[in-house]
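Student: Can you read through this structure? Questions will come right after.
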Amino acid sequence: MRTIVSLPGDGIGKVVLEEAIRLLDAAGFEANYVHGDIGWEFWCKEGDPLPQRTIDLIAEHKVGLFGAITSKPKDDAFNELAPELKSKGLVYSSPIVGLRQHFGLDICLRPCRTYKGNPLNFIRRGAGDTIEEPEVDVAIFRQNTEGLYGGVEWSNPPAQVHEALMTHPKFKKNFGDCPVEELSISTRIFTKKATERILRAAFEHAKKYGYKSVTLCEKPNVIRETSGMMYKMAQQMQKADYPQIELWNTNIDAQMMWLTKNPETYGVLVAGNMFGDIVSDGFAGLIGGLGFACSAQINPETGIGVFEPTHGSAPKYADYDTSIVNPIAMFESACMMLDFIEEKEIASKIRKAIAKVIEDGKVRTYDMMKMSGRPDVVEKGAASTQQMTDAVIAAL
């Protein structure tokens, strides 16, 4: 029997993960779930939001199903530490970023697909005042461990860092007169190895599933070294290994405009960490928002994968007596996990059940009914988190 590390995390993560496991059980997936501690609670009381015991569990069992975490700014994080920990020089960092970097989970896949009948699907005005509802089917590959999320940054940088930066003529000209204590610096680091891996994953996905194009979504006209390197490598790879797949190059700012003009023309997109995060949220908005946005983060060399919805922990909703959040993003993430471990038949069965519930339109969470997320939405006809799960289970 497969062992899965369950990582509830914070806020609504605990609720949606519990419901996903209930759905997996109903669909016939047999697994042993072991709990992993992660998130804000363990930062506050232990000074470590990703304890070593959790890292050990994932190293042993390889597959994690993750809910959500809370992250707060530096000062807020320090203020919420247990008093006895405040003198230890601890600095909060995101446990999910730490998880990605520790296990080399550098390939992040975020698919965004339209569900027929979803009232939140993107629509636009067509010729002759017609209303069009384009079908979105994109797979976004986000480099997951480098770039702006690499964590190499300083406020009031140490002397050796400042001296090194001063050797760059543009830094010296534009920032050389700035007092060092007024400087905050975040780096954007790309390596050829990791860039090659994410590009290769994108092209291979396009080849396997019949997508006609791969779009590199970066900013090589301005960020010339990192984005420029990625674009050059993509051009070389496409020419040498994937001539049957078109390579498109778009700037992130223009892409955010075009995705609402012609989203149906895109297939696979690939980007660095920050831009991949941005464009995947943009496409998620076209298929119903973060309640439908799932993700996988994997290291194909080690066979380790962690699967999670891309929404946050939404702590205010976690305090409601009846949970109202949409669990479909969590369900879809569980399906990505099933694909990863070659349980594709069960994954397909769950996806078909989700599609049936959405198309029938009889059970809809508050976001699908375009309500504000208030505690009384269930009384007004919206489905609770548990009721949506019940409906999907009934449709299996």
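Student: Can you find a residue that is touching a strand residue (DSSP E or B) at 6+ places or on another chain (Cβ under 8 Å), modelled with pLDDT of 90 or more, aliphatic (A, V, I, L, M) and not in a helix (DSSP H, G or I) anywhere in segment 147-159?
Tutor: Yes, segment 147-159 contains a residue that is touching a strand residue (DSSP E or B) at 6+ places or on another chain (Cβ under 8 Å), modelled with pLDDT of 90 or more, aliphatic (A, V, I, L, M) and not in a helix (DSSP H, G or I).
Student: Moving on. Using the structure shown, decide if Lys14 is closer than 28 Å to Asn326 by Cβ, in contact with a helix residue (DSSP H, G or I) (Cβ under 8 Å, 6 or more places away or on another chain) and charged (D, E, K, R). Even if it seems obvious, please write down each step before you answer.
Tutor: Numbers: closer than 28 Å to Asn326 by Cβ: yes; in contact with a helix residue (DSSP H, G or I) (Cβ under 8 Å, 6 or more places away or on another chain): yes; charged (D, E, K, R): yes.
It is true that Lys14 is closer than 28 Å to Asn326 by Cβ, in contact with a helix residue (DSSP H, G or I) (Cβ under 8 Å, 6 or more places away or on another chain) and charged (D, E, K, R).
Student: Give the number of residues within segment 295-329 that are in a loop (DSSP other than H, G, I, E, B) and in contact (Cβ under 8 Å) with a residue 12 or more places away in the chain. Show your work before the answer.
Tutor: The initial filter retains those residues of segment 295-329 that are in a loop (DSSP other than H, G, I, E, B), namely 300-303, 310-314, 319-327.
Next cut, in contact (Cβ under 8 Å) with a residue 12 or more places away in the chain only: 300-303, 310-314, 320-327.
So the answer is 17.
Student: Among the residues of segment 167-191, write down those that are touching a strand residue (DSSP E or B) at 6+ places or on another chain (Cβ under 8 Å) and either hydrophobic (A, V, I, L, M, F, W, C) or over 20 Å from Gly151 (Cα atoms) (or both).
Tutor: Step one: of segment 167-191, the residues touching a strand residue (DSSP E or B) at 6+ places or on another chain (Cβ under 8 Å) are 183-190.
Correct list: Leu183, Ile185, Ile189, Phe190.
Student: From the list Glu342, Glu332, Glu308, pick out the single residue that is modelled with pLDDT of 95 or more, among the acidic types (Asp, Glu), more than 17 Å from Ala26 (Cβ to Cβ) and surrounded by 21 or more Cβ atoms within 10 Å (Cβ to Cβ). Before you say what the answer is, go through the steps one by one.
Tutor: Numbers: Glu342 fails: surrounded by 21 or more Cβ atoms within 10 Å (Cβ to Cβ); Glu332 fails: more than 17 Å from Ala26 (Cβ to Cβ).
Checking each option against the conditions leaves just Glu308.
Student: Tell me the residue from Val63, Val91 that is of a type in the set (A, V, I, L, M, F, W, C), closer than 25 Å to Ala139 by Cα, in contact with a Lys or Arg (Cβ under 8 Å, 6 or more places away or on another chain) and not assigned by TED's automatic domain parsing to the domain that holds Val136, please.
Tutor: Working: Val91 fails: closer than 25 Å to Ala139 by Cα.
Matching residue, one of Val63, Val91: Val63.
Student: Taking only segment 221-262 into account, find how many residues are part of a loop (DSSP other than H, G, I, E, B) and more than 13 Å from Val279 (Cβ to Cβ).
Tutor: Here the count works out to 11.
Student: Wholly within segment 23-105, which helices (runs of 4 or more DSSP H) include no fewer than the required count, namely at least 3 residues that are in contact (Cβ under 8 Å) with a residue 24 or more places away in the chain? Before the answer, list the steps.
Tutor: Details: elements: 40-46, 52-61, 74-79, 95-103.
It comes to 40-46, 52-61, 95-103.
Student: So, of the residues in segment 106-131 that are basic (Lys, Arg) and part of a strand (DSSP E or B), which turns out to be surrounded by the fewest Cβ atoms within 10 Å (Cβ to Cβ)?
Tutor: Initially, segment 106-131 is screened for residues basic (Lys, Arg), giving 110, 113, 116, 124-125.
So of that shortlist, the ones also part of a strand (DSSP E or B) come out as 110, 113, 124-125.
Numbers: Arg110: 24, Arg113: 16, Arg124: 13, Arg125: 9.
Filtering segment 106-131 for residues that are basic (Lys, Arg) and part of a strand (DSSP E or B), the one surrounded by the fewest Cβ atoms within 10 Å (Cβ to Cβ) comes out as Arg125.
Student: In addition: Name the residue that is surrounded by the most Cβ atoms within 10 Å (Cβ to Cβ), counting only residues in segment 3-22 that are β-branched (Val, Ile, Thr) and not in a helix (DSSP H, G or I).
Tutor: Our first condition is that a residue be β-branched (Val, Ile, Thr); within segment 3-22, this holds for 3-5, 12, 15-16, 21.
Going one step further and asking which of them are not in a helix (DSSP H, G or I), we end up with 3-5.
Working: Thr3: 13, Ile4: 23, Val5: 21.
Residue satisfying both the conditions and the ranking: Ile4.
Student: Among the residues that make up segment 203-217, is at least one of them closer than 11 Å to Gln143 by Cβ and either in the same structural domain as Pro158 (by TED's automatic domain parsing) or touching a strand residue (DSSP E or B) at 6+ places or on another chain (Cβ under 8 Å) (or both)?
Tutor: Within segment 203-217, none of the residues are closer than 11 Å to Gln143 by Cβ and either in the same structural domain as Pro158 (by TED's automatic domain parsing) or touching a strand residue (DSSP E or B) at 6+ places or on another chain (Cβ under 8 Å) (or both).
Condition check ((1) within 30 Å of Leu259 (Cα to Cα); (2) touching a helix residue (DSSP H, G or I) at 6+ places or on another chain (Cβ under 7 Å)) across all residues:
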residue	(1), (2)
Cys44	no, no
Gln52	no, no
His61	no, no
Glu84	no, no
Tyr92	no, yes
Gly98	no, no
Pro111	yes, no
Thr114	yes, no
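Student: Quick one: which of Ile96, Ile69, Ile12, Ile4 is closer than 27 Å to Phe292 by Cβ and touching a Leu at 6+ places or on another chain (Cβ under 8 Å)? Even if it seems obvious, please write down each step before you answer.
Tutor: Numbers: Ile96 fails: touching a Leu at 6+ places or on another chain (Cβ under 8 Å); Ile69 fails: touching a Leu at 6+ places or on another chain (Cβ under 8 Å); Ile12 fails: touching a Leu at 6+ places or on another chain (Cβ under 8 Å).
Going through Ile96, Ile69, Ile12, Ile4 in turn, just one is closer than 27 Å to Phe292 by Cβ and touching a Leu at 6+ places or on another chain (Cβ under 8 Å): Ile4.
Student: How many residues are in a helix (DSSP H, G or I) and either surrounded by fewer than 16 Cβ atoms within 10 Å (Cβ to Cβ) or touching a His at 6+ places or on another chain (Cβ under 6 Å) (or both) if we restrict to segment 189-203? Please lay out each step first, then the result.
Tutor: So in segment 189-203, the residues in a helix (DSSP H, G or I) come out as 192-203.
Add one more test, that the residue is either surrounded by fewer than 16 Cβ atoms within 10 Å (Cβ to Cβ) or touching a His at 6+ places or on another chain (Cβ under 6 Å) (or both), and what stays is 192-193, 196.
Here the count works out to 3.
Student: Please state which of the following conditions Met274 fails to meet, knowing it meets all the rest: (1) surrounded by fewer than 19 Cβ atoms within 10 Å (Cβ to Cβ); (2) over 20 Å from Leu99 (Cβ atoms).
Tutor: Single failed check for Met274: (2).
Student: What is the residue count in segment 311-329 for residues that are within 11 Å of the chain's Cα centre (by Cα) and at pLDDT below 95?
Tutor: To start, the set of residues in segment 311-329 that are within 11 Å of the chain's Cα centre (by Cα) comprises 311-312, 329.
Of the ones still in play, those that are also at pLDDT below 95 are 311-312.
Adding up the residues that qualify gives 2.
Student: Let me ask something else. When you scan segment 359-383, how many residues do you find that are under 24 Å from the mean Cα position of the chain (by Cα) and either crowded, with 20+ Cβ neighbours inside 10 Å or outside the structural domain of Gly28 (by TED's automatic domain parsing) (or both)?
Tutor: Count: 5.
Student: Out of everything in segment 132-146 that is in a strand (DSSP E or B) and not hydrophobic (A, V, I, L, M, F, W, C), what residue ends up being surrounded by the fewest Cβ atoms within 10 Å (Cβ to Cβ)?
Tutor: Within segment 132-146, the match that is surrounded by the fewest Cβ atoms within 10 Å (Cβ to Cβ) is Glu132.
The values are calculated or read from the model by the stated rules, or taken from the named source; none is laboratory data. From a predicted model like this one, the values you see are computed outputs, not experimental measurements. Neighbour counts are summed over all protein chains in view; Cβ atoms, including those assigned to glycine, are modelled from backbone coordinates with ideal geometry.
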